[in-house]
Amino acid sequence: MSGAAGSPDFFYREAQRLGYVARSAFKVACQSLGPLQKGGAVVGIDLKKVKVPSMHCDARVQTVCADVMSLPKDQIRALSPKQKGFSVILSDMCPLVSGIRARDAALSAELGMRTLELAVGEAGLVQADDSIEQKEQSDVSGSDPEHRGILLPGGHLVVKLLESEDVKDFSHICKPLFKKAARLRPKATRSCSREIYLICQGLLSLKK
């Protein structure tokens, strides 16, 4: 919320002026949906109740108060257009920071892995691990909805992580699953923050 000197920074003040819920609104935007007639939907899931800013969002935007770490995939998929899945998944999850860098980084990576598993499913994670036998891959790549991810083929995944060696390992897992994966530090991120984003573009179809 505040800059280095303790005063509200530019993005905080701008968020207040425009009526956004938080400064993090400048990292993602529901306006990307485009005209109403084009359809689409934005679903936000948070541990706390979040009010949709009607000034900037229309009826295609909804929020759900729940723990995404424990929600079954079929329940989340049911919130998507035509209940088939999402074109983009954005994760802004972050653990409660303890100040112990190694612990915080490990918890952040755990949240990132949960997001990835939610996006690509167990079958996707198995495919990314070349050391697992083909038989085991076929066991989890069946028609069970809980084994399939909620990200549509060709879709994009954005995950917030705390910068550490764990990010390299996480990026290594993601790269075989997407056409492109790269790290980004948004301008809206505070200078003192260790937060970065891994942007994965173009989910590849799972091997049969």
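The values are calculated or read from the model by the stated rules, or taken from the named source; none is laboratory data. Owing to the predicted nature of the structure, the values given are computational and were not obtained by experimental measurement. Neighbour counts run over all protein chains shown; Cβ positions are idealised from the backbone, glycine included. For accessibility, only protein heavy atoms count, side chains too; no ligands or nucleic acids. Shrake-Rupley method; radii C 1.70, N 1.55, O 1.52, S 1.80 Å.
The table below lists the values:
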quantity: Residue that is farthest from GLY124 (Cα to Cα) [pool: residues in region 196-208 that are open to solvent by 30 Å² or more (accessible area, probe 1.4 Å) and modelled with pLDDT of 85 or more]; calculated: ILE199
quantity: Index of the failed condition, ASP166 passing every other in (1) among the acidic types (Asp, Glu); (2) over 27 Å from ASP74 (Cβ atoms); (3) modelled with pLDDT under 80; calculated: (3)
quantity: Residue satisfying all of: in region 157-183; open to solvent by 70 Å² or more (accessible area, probe 1.4 Å) and part of a strand (DSSP E or B); nearest to GLU110 (Cα to Cα) among these; calculated: ARG183
quantity: Test: residue in region 29-41 that is in contact with a strand residue (DSSP E or B) (Cβ under 6 Å, 6 or more places away or on another chain) and open to solvent by 50 Å² or more (accessible area, probe 1.4 Å); calculated: no
quantity: Qualifying positions in region 42-61 - modelled with pLDDT under 85, within 22 Å of MET93 (Cβ to Cβ) and open to solvent by 100 Å² or more (accessible area, probe 1.4 Å); calculated: LYS51
quantity: Qualifying positions in region 90-116 - outside any loop (DSSP other than H, G, I, E, B), more than 21 Å from ARG148 (Cα to Cα), touching a Lys or Arg at 6+ places or on another chain (Cβ under 9 Å) and not polar (S, T, N, Q); calculated: ARG101, ASP104, ALA105
quantity: Meets criteria (within 15 Å of the chain's Cα centre (by Cα) and at pLDDT below 80) for ALA25; calculated: yes
quantity: Pair list, Cβ < 7 Å and 6+ apart or interchain, from region 37-48 residues that are acidic (Asp, Glu) to residues that are assigned to a strand (DSSP E or B); calculated: ASP46/THR63; ASP46/CYS65
quantity: Residue that is modelled with the lowest pLDDT, among those in region 143-156 that are part of a loop (DSSP other than H, G, I, E, B) and open to solvent by 40 Å² or more (accessible area, probe 1.4 Å); calculated: SER143
quantity: Residue in region 62-89 that is surrounded by the fewest Cβ atoms within 10 Å (Cβ to Cβ), counting only those that are without any contact (Cβ under 8 Å) to a residue 40 or more places away in the chain and assigned to a loop (DSSP other than H, G, I, E, B); calculated: SER70
quantity: Enumeration of residues in region 87-102 that are touching a strand residue (DSSP E or B) at 6+ places or on another chain (Cβ under 6 Å) and either more than 17 Å from GLU163 (Cβ to Cβ) or of a type in the set (D, E, K, R) (or both); calculated: SER87, VAL88, ILE89, LEU90, ASP92
quantity: Single unsatisfied condition, GLU122 versus (1) acidic (Asp, Glu); (2) within 23 Å of GLU195 (Cα to Cα); (3) part of a helix (DSSP H, G or I); (4) free of Cβ contacts under 8 Å to residues at least 40 places away in the same chain; calculated: (2)
quantity: GLY85 closer than 24 Å to ILE199 by Cβ and either over 19 Å from the mean Cα position of the chain (by Cα) or modelled with pLDDT under 85 (or both); calculated: no
